[in-house]
1. Compute the convex hull volume of the Cα atoms of the chain, divide it by the residue count, and report the result per residue in Å³ as a whole number.
2. I'd like to know how region 1-124 sits against the 2.2 N^0.38 Å rule of thumb: what's its Cα Rg over that expected value?
3. For the cross-link pairs K70/K216; K106/K176; K176/K234; K134/K230; K155/K230; K10/K70, which exceed 18 Å when the distance is taken from alpha carbon to alpha carbon?
4. Please give the charge dipole size of region 1-124, origin at the Cα centre, charges +1 on K and R Cβ atoms and -1 on D and E Cβ atoms. Round to the nearest 20 debye.
5. If you stretched the chain out fully between W207 and V59, how much longer would it get, using 0.36 nm times the residue separation minus the C-alpha to C-alpha distance?
6. Specify the inter-centroid distance of region 26-42 and region 231-259, based on alpha-carbon positions, in whole Å.
7. What distance in nm separates the simple spin-label points at L43 and Y192, each placed 7 Å from Cα in the Cβ direction?
8. From Cα coordinates alone, what are the radius of gyration and Dmax values for region 130-268 in angstrom?
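Just so it is clear, none of the values below were taken in a lab; they were calculated from the coordinates. Just so we're clear, the structure is a prediction, and the values are computed from it rather than from any experiment. FYI the Cβ positions are ideal-geometry reconstructions off the backbone, even for glycines, and counts take in every protein chain you see.
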Amino acid sequence: MKQNISSQTKYLNRDILAALRMQLGRNFVSFYCTGSRATGEDLPDSDYDGYCFVRNVHVKYPNLSEGEKKYNIRIGIALKSYTIFRNYLANNSRECFYRSLVLDMKFGRARFVGGRNLSYNIPSLKHLLPLNLKRGMQFEYWFATLIDSPSNVLKREPRRHIGFIIAMCEILLLMKGVVVKKENLPQALHRYYPAFRVIRLLRTALWRRHTWILIKHDKKEIASIRRDVKKFLKILRSYLFSSHSDNVSPKEAREQMRCMINQSHKNTNYDRA
């Protein structure tokens, strides 16, 4: 997918990278931009999302408020353990924690900005795609809905509800090795997942993304957004979970999250490799 990076995004890349380097110091390893800012599908008011790989994740979160004020957008940079990521690549693990991110890097949906370029070590596609796609997506579902999950979508603001619907459809396609522009998502989803009947919800989410500036203060529209994300989750659960297969349980999903947290605690010391 061809990337046409906007001038605004280029300035954001420069400023955010400088802020991360300055505030994290030797803890900083690498920085990737993700989402629409990475693919060149951003709007002037699009959020800026990214991943910053660090040696020690248990540090004070970088203060990026200056950039948010300067550009009048939300900046969300997730800190990721470089050690866990490196081990993931070294072991060709199919563990779901980093699969979506690595697939994003593989297909250019996560764009390298600065630091150590980790994209060179990504394994072949056959090692990244899940053996059982539905189980892989079931983890994604639980991470988005469990009340104690830090990724619980229902706790987030309405604009993130819109983004969630779009992102989950992108992930479904990504897990089949398919990447398309946002405007082509409905057609691609219908082609590869004809039984997943969320095209209307997806088209509405895409429309809302483009018109957010006009609708963000409309109380009726906000209430409709909240209803739609709940409807999407209900359809997603019905599509992914079956009484005739080995489903991921909430307990199993929590154990995965706990494992991730515990692994992070084991790597609090600086990795000098």
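1. Values: hull volume 36.6 nm³, N = 273.
Once divided by residue count, the hull of the chain is 134 Å³.
2. Details: Rg = 14.2 Å, N = 124, 2.2 N^0.38 = 13.7 Å.
So region 1-124 has a normalised radius of gyration of 1.03.
3. Values: K70/K216 21 Å; K106/K176 13 Å; K176/K234 22 Å; K134/K230 20 Å; K155/K230 12 Å; K10/K70 14 Å.
K70/K216; K176/K234; K134/K230, as the Cα separations exceed 18 Å there.
4. Details: 19 positive and 10 negative charges, 93 e Å.
Using Cβ point charges on Lys, Arg, Asp and Glu, region 1-124 gives about 440 debye.
5. On the way: separation 148, 0.36 × 148 = 53.28 nm, distance 3.83 nm.
Here the answer is 49.5 nm.
6. Using only Cα atoms, the two centres lie 29 Å from each other.
7. Distance between label points: 2.4 nm.
8. Both quantities, over Cα of region 130-268: 16.0, 47 Å.
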